[in-house]
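Down below is the structure, laid out as structure tokens.
Each reported figure results from applying straightforward, stated rules to the coordinates on display, with no laboratory input. In this text the structure is predicted, and so the values were computed from the model without any measurement. Here Cβ is always computed from backbone atoms with ideal geometry, including for glycine, and neighbour counts include all displayed protein chains.
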Amino acid sequence: MATVASIMAELKKKGTEKTRKTYARHGMATGNMFGVSVADLKLIAKTIKGQQALACELYKTGNMDAMYLAGMVADGSKMTAKELTAWAEGAAGLQMIAEYTVPWVTVENSQGRELSKQWMKSKKEHVASAGWCTYSGLVATKPDEELDLGEIEDLLDTVVKGIKGAQNRERYTMNGFVISVGAYVKPLSKQAKVAAQQIGAVSVDVGDTACSVPVATAYIEKIEAAGRAGKKRKTIRC
């Protein structure tokens, strides 16, 4: 039976300095990580699939590799709002966790929408980013009839008015929200494109990388040209 100790030992063995340096170039805090590739994490995740308690204990280690692995294994529908908020709060300096892991599980939870709205208002960059990414995940996976279109339209307006004054990663995730609405919510396609035009190119420090921030107008147009607009995803996990 796998334990936190046995999994941490395996993660340490799989970690590489090359991967640590890659994460560092992306601006992530590398003080508590081994540098395990996502491919290796997926292999480990298969061996502990369904072990909810173990996943939660792995997240509590504060080790980025373990936290990411926890998100691959945990069932967000079984977590409490308090647990999910603790996950969001614990992702400081780790955008892979705040913008991927935390939204993965929160989207699966019945309180996901309310939590995302609470987090968006946080003054902590990583928590606010988790909020925007979570709501982006909701619009990508929930049928349009289950969404509060008026609320989403208000959030588009919030992005337009606030993105320039937002913190670095928050700007990135707000831009992503506009793209998600334009890509997945057909009734608000026009409003999303208007918002995209208004925010234009968004400036974000993406670290010492060749990464770029998607221009929302161009990205939405690309999705429409491919005939994928309005097609929902089964999951936002990758």
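Summing charges over neighbours of LEU58, with a neighbour being any other residue whose Cβ is under 12 Å away from its Cβ, gives -2 when K and R count +1 and D and E count -1. For the chain, the relative contact order works out to 15 percent when only alpha carbon pairs closer than 8 Å and six or more residues apart are counted.
Equivalent ellipsoid of region 147-233: semi-axes from √(5λ) of the C-alpha gyration tensor, largest first, are 21, 16, 10 Å. Packing-based ranking of 196-202, 85-91, 13-19, 102-108 yields 102-108, 85-91, 196-202, 13-19, ordered from highest to lowest mean Cβ neighbour count within 10 Å. Compute the signed sum of charges (Lys and Arg +1, Asp and Glu -1) over the other residues within less than 13 Å, Cβ to Cβ, of GLN118. Summing Lys and Arg as +1 and Asp and Glu as -1 gives +4.
Pairs of Lys residues in region 49-196 are counted when their Cα atoms are under 16 angstrom apart and they lie 8 or more places apart or on different chains; the count is 8. Counted over region 19-174 with a bin width of 10 Å, the fraction of Cα pairs per bin, in whole percents, is 11, 40, 34, 13, 1. Multiplying the residue separation of ALA210 and LYS42 by 0.36 nm and removing their Cα-Cα distance gives an extension gain of 58.0 nm.
Peptide packing for 45-54, 130-139, 112-121 was compared via the average number of neighbouring C-beta atoms within 10 Å per residue; ordered from the highest value, the list is 130-139, 112-121, 45-54.
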